[in-house]
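Every number in this text was worked out from the coordinates using simple rules, so none of it is lab data. Remember, predicted model here, so these are calculated numbers, not experimental data. With ideal geometry, Cβ positions are generated from the backbone for all residues, glycine too; neighbour counts draw on all protein chains shown.
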Amino acid sequence: LEAELAAEFEAVVERHDRIEPRDWMPERYRATLVRQIAQHAHSEIIGMQPEGNWITRAPSLRRKAILLAKVQDEAGHGLYLYSAAETLGSSRAELTEKLIEGRQKYSSIFNYPTLSYADVGTIGWLVDGAAICNQVPLCRTSYGPYGRAMIRICKEESFHQRQGYELLMTMMAGTDEQRAMVQESVDRFWWPALMMFGPPDADSPNTAQSMAWGIKRDTNDELRQKFVDMSVPQAERLGVTFPDPDLRWNAERGHHDFGQPDWDEFAAVVRGEGPCNAQRLAHRKVAWDDGAWVREAATAFAERNASAPTE
Ligand code: FAQ
């Protein structure tokens, strides 16, 4: 029977159809999905912190309303993703405990500080831009609940990217000081944004198997290239440069050539040694502990309602 189920699983993956929660799946497929979806969910939730830093200091009511909406969307994305992980048998509470204990990861990008208001625009443009590049193909991922969550998330991310680009456009039309703030912010975020796609393919232990299972649809390097090609004309239009002397159009390849991020820095940030890792996790732990009474009350309320007579 197991061989038959495995053959059916392979056939579904082969024809690029969806695996659903009640379908048989190899345990390693389930574990890989939980790992990736949990990391993705944690990234959305931890990712609220760098921009959240500027909500109380937004320069106008309009900017504040936009930023509040964006950060709230990120909370929503985290929740869709925890729900997708739950269909694989891992609860949000269990995954959050693992995050807080340092047993699960979240994206390296959120361990960098937001030092000026321009960073809100740069995060929207480059960080959400990289997220879209990575996530649009994930709408076609082989696991149904993950792919469906991605469709909605991508729509919201594209609004996020536009608000960031529009913010930077506004600053670029301002004073010399504002233009310098934008360039300084882009200089700080460019390389960390490239690291979001993960290590080079040759050093990526999970890519081959995740591609074979249809969890990932493109490799880390393919997506990084796509992001560079997409960002260069946007930078030109905006009037900023990227801090990479090797960045140039290669007519033969039909793509931009570009330099390599500092992979030692990436490894250090993933190990927990980035500029804000300790702060981000400590903040998450306080919020999780402070929210314990809300979770307990909601559970008690749900239990009482379930046992109450209905009309
Ligand atoms: N940071 O073998 P691979 C957002 C780890 S967007 C930290 O290549 P894989 C939106 C990797 O987990 C950000 N760790 O791994 C937003 C693995 O370790 P493990 C979230 C990284 O999974 C915008 C090891 O290195 N997006 O939140 C990173 O095949 C603005 C070896 O790597 C997603 O999570 C990294 N950058 O490929 C929110 C997208 N890269 O687990 C707020 C979904 C790699 O074996 C504001 N995820 N590692 O211990 C993916 O597409 C994949 O998981 C990759 C990594 C491409 C990230």
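Restricting the first member to region 266-290 and to residues that are in contact (Cβ under 8 Å) with a residue 40 or more places away in the chain and within 19 Å of N53 (Cβ to Cβ), and the second to residues that are in a helix (DSSP H, G or I) and among the aromatic types (F, W, Y), the beta-carbon pairs closer than 8 Å and six or more apart or on different chains are C276/F110; R280/F110. Confirm whether V127 is closer than 21 Å to E177 by Cα and either near the ligand (Cβ under 7 Å from one of its atoms) or not small (G, A, S) (or both). When the stated conditions are applied, V127 does not pass them. Restricting region 130-156 to residues that are within 11 Å of the ligand (Cβ to nearest atom) and hydroxyl-bearing (S, T, Y), the residue that is farthest from N277 (Cα to Cα) is T141.
Check whether at least one residue in region 162-172 is under 17 Å from the mean Cα position of the chain (by Cα) and surrounded by 21 or more Cβ atoms within 10 Å (Cβ to Cβ), and report yes or no. Yes, region 162-172 contains at least one residue that is under 17 Å from the mean Cα position of the chain (by Cα) and surrounded by 21 or more Cβ atoms within 10 Å (Cβ to Cβ). Among the residues of region 62-114, those that are basic (K, R) and more than 12 Å from the ligand (Cβ to nearest atom) comprise R62, R63, K64, R92. When G214, G174 are checked against the criterion of being within 26 Å of A69 (Cα to Cα) and small (G, A, S), G174 stands alone in meeting it. The number of residues in region 129-147 being without any contact (Cβ under 8 Å) to a residue 60 or more places away in the chain and over 14 Å from K226 (Cα atoms) comes to 1.
In this structure, does Q178 turn out to be within 20 Å of Q260 (Cβ to Cβ) and away from the ligand (no atom under 13 Å from the Cβ)? Answer is no for this residue. I'm told R22 meets every condition in (1) basic (K, R); (2) away from the ligand (no atom under 15 Å from the Cβ); (3) assigned to a helix (DSSP H, G or I) except one. Can you identify the failing condition by its number? Tallying (1) basic (K, R); (2) away from the ligand (no atom under 15 Å from the Cβ); (3) assigned to a helix (DSSP H, G or I), R22 fails exactly one: (3). With respect to (1) in contact with a strand residue (DSSP E or B) (Cβ under 9 Å, 6 or more places away or on another chain); (2) more than 18 Å from C139 (Cβ to Cβ), the lone exception for L33 is condition (2). Of the residues making up region 213-265, those that are touching a residue at least 24 places away in the same chain (Cβ under 8 Å), touching a helix residue (DSSP H, G or I) at 6+ places or on another chain (Cβ under 8 Å) and among the aliphatic types (A, V, I, L, M) are I215, L223, V228, M230, A235, L238, V240. For region 40-70, a residue qualifies if it is of a type in the set (G, A, S) and crowded, with 21+ Cβ neighbours inside 10 Å, and the qualifying residues are A41, S43, G47. Exactly one residue out of F197, F227 is within 16 Å of the ligand (Cβ to nearest atom) and in a helix (DSSP H, G or I): that is F227. Whether a residue is within 13 Å of the ligand (Cβ to nearest atom) and under 26 Å from N277 (Cα atoms) was assessed, and Y117 does not pass this test. Has region 82-96 got any residue that is in a helix (DSSP H, G or I), free of Cβ contacts under 8 Å to residues at least 40 places away in the same chain and hydrophobic (A, V, I, L, M, F, W, C)? Looking for residues that are in a helix (DSSP H, G or I), free of Cβ contacts under 8 Å to residues at least 40 places away in the same chain and hydrophobic (A, V, I, L, M, F, W, C), one finds none in region 82-96, hence no. Inspection of region 182-203 finds no residue satisfying the criterion of being farther than 25 Å from D229 by Cβ and out of contact with any Cys (no Cβ under 6 Å at 6 or more places or on another chain).
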